[in-house]
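The values are calculated or read from the model by the stated rules, or taken from the named source; none is laboratory data. Fair warning: this is a prediction, and the values are worked out from it, not measured in the lab. Cβ placement follows ideal geometry from the backbone for every residue including glycine, while neighbour counts extend to all protein chains displayed. The area values use the complete protein model at the heavy-atom level, side chains included, leaving out ligands, DNA and RNA. Shrake-Rupley method; radii C 1.70, N 1.55, O 1.52, S 1.80 Å.
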Amino acid sequence: MTHPLLIDTETLQQSLGRPGLVVLDARGKAAYEFGGHIPGAVHSTWHEYSDPNAVPKGLLNPDLAQIERQLRALGIDNESDVVIYSNPFDNWGDEGRMFWMLEYLGHKNLRILDGGWVKWTAEKRPFEHGRVSPTPGNFAAQPVKSLAISKDELKLIVRGPHPQSAILDARSLEEYLGKEVSGIPRPGHVPSAIHVSWNGFLNKDATVKDLAAIKASLEEKGIQDGQEVVCYCTGGVRSAWLYFILKLAGYGNIRNYPGSWWEWSRDFSCPVEKDFQGLQKILGFDQAARPS
């Protein structure tokens with residue numbers, strides 16, 4: 001697929017070593033160091049940029065100077081051409097989270113490797129082991145605050161009718177309906193939220209599906225051009241991948257909620273809806289079979 005926010009494996013291989021290119025591996029540390037990585041790729045994960053003092057780990061570190069130091073250590077400048085990849089079948093949309101974070105911080109030259117590590121290795125492309133130590137960059141953050149939404153802003157939206165705003169829940173259907181999850185104080189979803197699972201947008205080779213089909217499926221759920229679209233999940237990771245898919249599909253006013261359900265469920269002033277009947281149905285719970 002050709003899209004300015006995606007790069008295919010062949011184009012990336014031909015570009016390796018080009019000045020200004022930073023390839024960012026967003027997989028786990030062990031997979032990067034010992035399982036192999038794209039030649040020259042640096043490593044970083046979204047966890048490294050979380051607020052160290054917050055319980056909801058999806059919240060970004062408010063110390064932008066610290067984030068700048070971390071990104072500069074990866075060799076990133078404001079003008080760098082950054083290509084992000086992960087294993088799309090073995091994560092929670094981590095490459096989307098890194099894309100959203102860098103875009104939020106003001107970086108403008110970002111792409112995701114279509115097919116990621118899955119397609120790269122399936123095509124037997126070159127790889128190497130060990131850490132890469134790049135020349136430090138000079139990235140300076142210029143946050144685009146409209147790309148994120150806070151808990152209080154979302155509370156204002158859900159207080160009344162909001163036809164100009166669509167709220168999307170990127171978690172599993174079970175989580176959306178109200179399945180109990182360890183470490184989450186309250187199950188359920190944000191009132192009026194539309195369920196759009198984050199993991200339904202890839203082909204078998206881990207490339208992104210046809211964008212016209214994706215757009216049609218989103219429109220069937222009532223998500224229209226011109227709406228403000230708010231994405232959330234548990235910690236702003238799966239929702240960031242959905243944010244990226246929405247950008248590919250042509251939606252222009254998208255916001256990610258980094259605190260997401262980790263934060264929302266802990267504030268008992270935040271309203272929550274559940275659908276236990278729907279949950280029982282998909283879990284195969286037979287009401288009639290219960291003992292009297």
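About the centre of its Cα atoms, the chain shows a dipole size close to 300 debye [charges on the beta carbon of Lys, Arg (+1) and Asp, Glu (-1) only; nearest 20 debye]. Judged by the ratio a/c of the largest to the smallest principal axis of the C-alpha gyration tensor, region 45-91 counts as oblate, that ratio being 1.5 or greater while a/b is no larger than b/c.
Which is the longest run of the chain containing none of the trypsin sites (Lys or Arg not before Pro) found in DSSP loop states (not H, G, I, E, B) with at most 15 other C-beta atoms within 10 Å? So the longest stretch without any such site is 1-107.
Does region 1-114 come out rounded, prolate or oblate by the C-alpha gyration tensor, with a ≥ b ≥ c the root eigenvalues, rounded set by a/c under 1.5 and, if not, prolate when a/b is larger than b/c and oblate if not? Prolate, because a/c is 1.5 or more and a/b exceeds b/c. Over region 167-292, accessible surface divided per residue gives 45 Å², non-protein components excluded, 1.4 Å probe. Among the GluC sites (Glu not before Pro) in region 10-83, those placed in a DSSP loop whose Cβ has at most 16 other Cβ atoms within 10 Å are Glu79.
What is the sum of charges, Lys and Arg at +1 and Asp and Glu at -1, for the other residues whose Cβ falls under 9 Å from the Cβ of Ala26? Overall, the nearby charge balance is -1. Taking 20 Å as the straight-line reach from the Cα of Lys247, the aspartates and glutamates in range (excluding those fewer than 8 positions away in the same chain) are Asp8, Asp81, Asp94, Glu95, Glu103, Asp114, Asp169, Asp210, Glu219, Glu220, Asp225, Glu228.
Net charge in the neighbourhood of Leu279 (other residues with Cβ under 9 Å of its Cβ; Lys, Arg +1, Asp, Glu -1) is +1. Summed over the residues of region 25-122 and divided among them, the accessible surface reaches 36 Å² per residue at a probe radius of 1.4 Å.
Site-free segments of the chain were taken between chymotrypsin sites (Phe, Trp or Tyr not before Pro) in DSSP loops having at most 13 other Cβ atoms within 10 Å, sites themselves excluded; the longest one is 90-267.
When the square roots of the Cα gyration tensor eigenvalues are ordered a ≥ b ≥ c, the ratio a/c for region 81-190 is 1.5 or more and a/b does not exceed b/c, which makes its shape oblate.
Would you mind giving the average projected area, over all directions, of the Cα convex hull of the chain in nm² with one decimal?
Mean shadow area of the hull around the Cα atoms is 17.1 nm².
Evaluated at q = 0.14, 0.18, 0.22, 0.27 Å⁻¹, the base-10 log of the normalised Debye intensity for region 61-113, with identical point scatterers placed on the Cα atoms, takes the values -0.37, -0.61, -0.87, -1.16. At an R0 of 22 angstrom, the distance between the Cβ atoms of Ala141 and Leu21 translates into a FRET efficiency of 0.60. The share of accessible area on the chain that comes from carbon and sulfur is 52 percent, using a 1.4 angstrom probe.
Within the same chain, lysines fewer than 8 places from Lys179 are excluded, and of the rest, those with a Cα less than 21 Å from its Cα are Lys57, Lys274, Lys281.
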